[in-house]
Each structure stands twice: as structure tokens, then as C-alpha cells.
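See below for the structure under consideration.
The values are calculated or read from the model by the stated rules, or taken from the named source; none is laboratory data. The shown structure was predicted, so the numbers you read here are calculated from the model rather than taken from an experiment. Cβ: placed from backbone, ideal geometry, glycine included. Neighbour counts: every protein chain shown.
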Amino acid sequence: MSTSPSASISVSAYRLTPAMQSVIDRMVKAKRPALHTLSPRQARAAYAAGADVLEIARPELPEVRELTIPARDGVALPARLYRPSLEPGQPVLLYLHGGGFMIGSIATHDILCRSLAQRSACAVVSLDYRLAPEHRFPTAFNDGWDALRWLHGHGAGLGLDTARLGVGGDSAGGTLAAALAVQAALEGLPLALQLLFYPGTTAHQDTVSHQRFAHGLVLEASHIQWFFDQYVPSRQEREDWRFAPLLAPDTEHLAPAWLGLAEFDPLVDEGIAYADKLRLAGHAVDLEIYRGVTHEFIKMGRAIPEALQAHQQAADAMRAALHPSTESP
């Protein structure tokens, strides 16, 4: 799990599901140090150590392959290809992991990407974009864009159908995915889907939900501030739409969006606002709000039933967008 909630804050008024409340109670009892009190290296290790604690069993797939993707500055970015079948011509989703632009990796989101690939019958490519504070804004966006262009141009050599290409991510990865979808529309790179789990979309984290859910619910205001101070310390730069997709220009041919949000999440209001922005611009949007759960719930499938529901509904959206001639099982 990504953070440690404040032991001094009662969450009884939030109407969490019993399972979600139990997870919060156990996190408080464990008394692990909050990530923002650690060094970036320590925080990454702590997050990695707990990433699979509440996950489902690791789904087995016919092929899981390590890749490298070249960035614009010559760096070879690690990536991992998940294929649910060895048949050629599978559609593919580029996935960007969450973690506040500072933590997380291919490894921490391995089970989620396996689940999405298995349930959707689509290939998934998970990217290890570079992290802050060693690599500040807009490095993560640039790495994502370089990977998306590379996948579009070279995916056929991996047996993938890049005419059926999507992009997705959770939390900060959802921010990146939304911004990449805008960039793709601006540059004429065709995408069939943007799949966004509780993305950050605002510049300054000033919505009502940021105030209402600032403490005690896995992701806290202090964690968010720490993450963003490391990635994009300039408040002026935070108004760049590559960090705040809610400020992106209206574009034609933007990919349809599926958004899965958590009811008790500082990011829920900006997720709803982004869905509204897309709808008002005439783009297709499917919005799901999972009741009684918090940020990070999609990685708690062993404890939180809504996580499995979200996995399946996201996979159904992938199948509908990338396999439009087939139906979900």
C-alpha cells in the first residue's frame, strides 16, 4: 500500500465498507512510517515491500516478456509485455503505474497488469518511466510519449495490432495516461481508449474532496504535497496540462475514456470534473465510482471486493474498445 493513514484521525464518518474499514484499521495498527517521512529511496522500497500484500494471486499468462523502449535522450526504459494469448494481432494497452511520480514500478503493478490482460484478452505493456526527484517534470510525460510512439511504430514486430491501441494508468499514471491521450489527439496518433483509475487532473489540489478527505484514508494531503513538490515544485509549471489534464486544450479525435474512481479519495472530484470536461466536449466517457472505498483500492483485491469489480469493468472497457467485434465472457 502506498501510504500510512494518520492514527489520530477517525474515519468512522466516511461510511467505508467493512472490508475497507478493516484495511484502514490494520494499516493504523501497523504503525509504519508515512512515506513522506522517508527518503525517496526508502519510500520506494517500503512501497515495493507492501505492494502485493492485499493483491489477488498472480494470474498466469502464456507470455510475459521484458522489453526496453528508447527514450528521446537515449535512455533504455524498462517495460514488460503481458500477452493473454500467443495468437498474433492482439490489441494493446500501454500502462503507466501510479505512485505520485516518485514511487512504484513495473513490479509493484505486475498483478494488476496481468489481471487486465487476462480479463480483457488484450496485451498490456507496462512502462517503468523515470521517477522524481531524480527526474522532474516533464520527464515522466516525455517517457510515456516516447513509449507510446515507439509502441505504435514497433508493436507489430511484437505480434501486436497497433491499429487497436489504448493507454491507461492509475493515480499519477492515470494523469500521464490522460495527458498522453491529449498529446496523441494533437499529433494525430490514433488511440481507441484512455483507461483511467482515479487520475489526478487539477493543477493545485484545491477541490472540496482534497479538503474533505485530507487525512486518514490511505492517501493524505501531506503525501500528495510531498510527491508533487518532488516532481513539479514550481506552481506555475503545475498549470501545464501535461501535469493537469483538466487544463488541456479541447481536441478533436480524443480517445473514448473509462474512469474508475474511489468514493473516499482526495482525487475523486477532479476525476469527476475531468469526465464532465470530456463529455461537454462531445467525447465518449464511461464513469464508475466505487462506493465505500479509498485511493489504491484496485491493488487490494484479496481484501476489497470492489477491486475485483473494478478490474473486470476496466477489462470490459478494454475489450469493448480494442476488441469491438467481440463480447465480454
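Considering (1) hydroxyl-bearing (Ser, Thr, Tyr); (2) at pLDDT below 95; (3) part of a helix (DSSP H, G or I), the lone condition that Thr251 does not fulfil carries the number (3).
Taking the residues in the stretch 142-161 that are among the hydrophobic types (A, V, I, L, M, F, W, C), in contact (Cβ under 8 Å) with a residue 40 or more places away in the chain and more than 15 Å from Gly174 (Cα to Cα) as candidates, determine which candidate is surrounded by the fewest Cβ atoms within 10 Å (Cβ to Cβ). In this case the residue turns out to be Leu158.
Close contacts from the stretch 290-301, counting a first residue that is surrounded by fewer than 24 Cβ atoms within 10 Å (Cβ to Cβ) and a second that is of a type in the set (Lys, Arg), with Cβ to Cβ under 7 Å and a gap of 6+ residues or different chains, come to Gly292/Arg15.
Being over 24 Å from Gly301 (Cα atoms), at pLDDT below 95 and part of a loop (DSSP other than H, G, I, E, B) is the requirement here; does Ser2 meet it? No, not satisfied.
Would you confirm whether any residue within the stretch 45-58 is under 26 Å from Arg319 (Cβ atoms), in a helix (DSSP H, G or I), out of contact with any Gly (no Cβ under 8 Å at 6 or more places or on another chain) and without any contact (Cβ under 8 Å) to a residue 60 or more places away in the chain? Checked against the condition, which is being under 26 Å from Arg319 (Cβ atoms), in a helix (DSSP H, G or I), out of contact with any Gly (no Cβ under 8 Å at 6 or more places or on another chain) and without any contact (Cβ under 8 Å) to a residue 60 or more places away in the chain, the stretch 45-58 yields no hits at all.
Scan the stretch 285-321 for residues that are touching a helix residue (DSSP H, G or I) at 6+ places or on another chain (Cβ under 8 Å) and farther than 9 Å from Ser120 by Cα and the total you get is 22. Would you mind finding the one in Leu61, Leu77, Leu35 that is farther than 23 Å from Arg149 by Cα, at pLDDT 95 or above and in contact with a Phe, Trp or Tyr (Cβ under 9 Å, 6 or more places away or on another chain)? One residue alone meets the criteria, Leu61. Residue count for the stretch 87-131 under the criterion of being assigned to a loop (DSSP other than H, G, I, E, B), aliphatic (A, V, I, L, M) and crowded, with 23+ Cβ neighbours inside 10 Å: the result is 3. When Leu186 is tested against (1) surrounded by fewer than 21 Cβ atoms within 10 Å (Cβ to Cβ); (2) aliphatic (A, V, I, L, M); (3) part of a loop (DSSP other than H, G, I, E, B), just one condition goes unmet, and that condition is (3).
Ala257 - would you say it is without any contact (Cβ under 8 Å) to a residue 24 or more places away in the chain and closer than 22 Å to Val125 by Cβ? When the stated conditions are applied, Ala257 does not pass them.
Okay, residues lined up against (1) touching a Gly at 6+ places or on another chain (Cβ under 6 Å); (2) among the acidic types (Asp, Glu):
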| site | (1), (2) |
| --- | --- |
| Arg242 | no, no |
| Pro249 | no, no |
| Leu259 | yes, no |
| Glu270 | no, yes |
| Asp276 | no, yes |
| Arg279 | no, no |
| Ala317 | no, no |
